[in-house]
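The values are calculated or read from the model by the stated rules, or taken from the named source; none is laboratory data. In this text, all values refer to a predicted model and were calculated from it rather than measured experimentally. So basically every Cβ, Gly included, is an ideal-geometry build from the backbone, and we count neighbours across all protein chains shown. Just the protein is used for accessible areas: all its heavy atoms, side chains included, with ligands, DNA and RNA removed. Shrake-Rupley method; radii C 1.70, N 1.55, O 1.52, S 1.80 Å.
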Amino acid sequence: MVNHTVSDFVTRIKNASKARRRELVAPYTRISRDIAKVLAKEGFLEDIKEQEAEGRKVLSLKIKYNNRIPVITDTKIISKPSYRVYSGSSNLIQTQKKGMFTIILSTSKGIMTGDEAQKNKIGGEVLFRIW
């Protein structure tokens, strides 16, 4: 049984890219679908499909590669079930300047990157970093 769907989903994507897999099938949840859409928009995933497998909905993801090297290098889960991390829009500027990575947040306006949240001047729960 999975305790935290976000960290499970992100870890599946990271492991698939490290194993140099082209495609990945993950259990469907609304938050997983929204995260996948943001990752596709940011250029980490090529394609997302919602499919039916064995009577259950699943997400079929295509991982993006540049010259046979996966675009996704690594991920770092920030918020966990036991420790939630929230950030205002002003704190996102300092966090993102420290490194070359993308922050994914859960905000009142949905799942978005740190840059989008900064432009909209809203904060939220920092889910994970990806680079």
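Ignoring ligands, DNA and RNA, what percent of the accessible area of the range 1-106 is carbon or sulfur (1.4 Å)? Within the range 1-106, the accessible surface is 46 percent carbon and sulfur. Say the cut-off is 26 Å between C-alpha atoms; which of LYS37/LYS119; LYS18/LYS121; LYS14/LYS121 go over it? Result: LYS18/LYS121; LYS14/LYS121 exceed 26 Å.
Remark: relative contact order (the range 29-131) = 27 percent; criterion is Cα-Cα distance under 8 angstrom and separation of 6 or more residues. Taking amide H positions as placed 1.01 Å from N in the peptide plane, with prolines and chain starts having none, which residues 5 or more places from ASN120, or on another chain, fall under 5 Å of its amide H? Close amide H contacts, sequence-distant or interchain: none at all. Each residue of the range 37-47 is assigned a 3J(HN,Hα), and the resulting list reads 5, 5, 5, 5, 5, 7, x, 8, 10, 8, 8 Hz, derived from the Karplus form 6.51 cos²θ - 1.76 cosθ + 1.60 (θ = phi - 60°), x at Gly and Pro.
Run through the range 49-87 and list the chymotrypsin sites (Phe, Trp or Tyr not before Pro) located in a DSSP loop whose Cβ has at most 14 other Cβ atoms within 10 Å.
Working: sites: TYR65, TYR83, TYR86; in loops: TYR83.
Here the sparse-neighbourhood loop sites are TYR83.
Per residue, the solvent-accessible area of the chain (1.4 Å probe, heavy atoms of protein chains only, all protein chains present) comes to 61 Å². Residue by residue, the range 111-124 carries 3J(HN,Hα) couplings of 6, 7, 7, x, 5, 5, 5, 5, 5, 7, 6, 10, x, x Hz when phi is fed to the Karplus relation 6.51 cos²θ - 1.76 cosθ + 1.60 (θ = phi - 60°); x denotes Gly or Pro.
Label sites at ILE48 and ILE122, each approximated as a point 7 angstrom past Cα along Cα to Cβ, lie 1.6 nm apart.
Centre-to-centre separation between the Cα atoms of the range 75-93 and those of the range 7-36: 20 Å.
Which residue, SER106, HIS4, ILE72, has the largest displacement toward the positive end of the dipole of the chain when charges sit on each Cβ (Lys, Arg +1; Asp, Glu -1)? Among SER106, HIS4, ILE72, the one farthest towards the positive end of the dipole of the chain is ILE72. Of the labelled figures [x] 44, 35, 25; [y] 52, 26, 19; [z] 58, 24, 23, only one reflects Cα extents along the principal axes in Å as derived from the coordinates, namely [x].
Loop-only check: which trypsin sites (Lys or Arg not before Pro) in the range 31-115 are DSSP coil with at most 14 other Cβ within 10 angstrom?
When the trypsin sites (Lys or Arg not before Pro) of the range 31-115 are filtered for loop state and at most 14 Cβ neighbours within 10 Å, ARG68, ARG84, LYS98, LYS109 remain.
Extension gain, TYR65 to ARG22, is 14.6 nm, computed as 0.36 nm per intervening residue step minus the present C-alpha separation. For the chain, a simple Cβ point-charge model (Lys and Arg +1, Asp and Glu -1, everything else neutral) yields a dipole of about 280 debye relative to the Cα centre.
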